[in-house]
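The values are calculated or read from the model by the stated rules, or taken from the named source; none is laboratory data. Since the model is a prediction, treat every value here as computed from it, not as a measurement. Reconstructed Cβ throughout: ideal geometry from the backbone, glycine too, with neighbour counts over all protein chains shown. These accessible areas exclude ligands, DNA and RNA; they are computed on the full protein's heavy atoms, side chains included. Shrake-Rupley method; radii C 1.70, N 1.55, O 1.52, S 1.80 Å.
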Amino acid sequence: ISTRLLTNDSAEKIKLVLYTKKNCQLCDEAKEFIEDAYPNKFYIDEVDITKNRELFRKFKLDIPVFYHQDQFLMKHRANMDALNDLIQKYNKV
């Protein structure tokens, strides 16, 4: 499974999955931080936890929760160390 996406300018982006819900201020802040601190590095695929009972039960007290390749990456706030480590992993490829 490819986790890099090609954009119109052919820049590669690393895919993150964000478990979120509407009106989540922490989620909005985390997304904004990532977009500002890492322009054109990440593609964020948002999953609304309110549309799936199991996801809601699992993540309701922890959002925002970020995954990469089905593995937990970070929760509550954007973590620069986790993001930098992920970028470094891709730069070594």
Considering only residues that are of a type in the set (Lys, Arg) and part of a loop (DSSP other than H, G, I, E, B), look in the range 60-82 and name the one that is nearest to residue 12 (Cα to Cα).
77
Residue check: is residue 35 touching a strand residue (DSSP E or B) at 6+ places or on another chain (Cβ under 9 Å) and at pLDDT below 95?
no
Residues that are open to solvent by less than 90 Å² (accessible area, probe 1.4 Å) and within 16 Å of residue 12 (Cα to Cα): does the range 43-59 have at least one?
yes
Criterion first (under 10 Å from the mean Cα position of the chain (by Cα), open to solvent by less than 80 Å² (accessible area, probe 1.4 Å) and small (Gly, Ala, Ser)) does residue 37 satisfy it?
no
With 3, 7 as the choices, which residue is modelled with pLDDT under 95 and exposed (fewer than 12 other Cβ atoms within 10 Å of the Cβ)?
7
Single unsatisfied condition, residue 85 versus (1) open to solvent by 80 Å² or more (accessible area, probe 1.4 Å); (2) on the phi < 0 side of the Ramachandran plot; (3) outside any helix (DSSP H, G or I); (4) out of contact with any helix residue (DSSP H, G or I) (no Cβ under 8 Å at 6 or more places or on another chain)
(3)
For the range 33-47, which positions are part of a strand (DSSP E or B), without any contact (Cβ under 8 Å) to a residue 40 or more places away in the chain and either hydrophobic (A, V, I, L, M, F, W, C) or over 16 Å from residue 70 (Cα atoms) (or both)?
44, 47
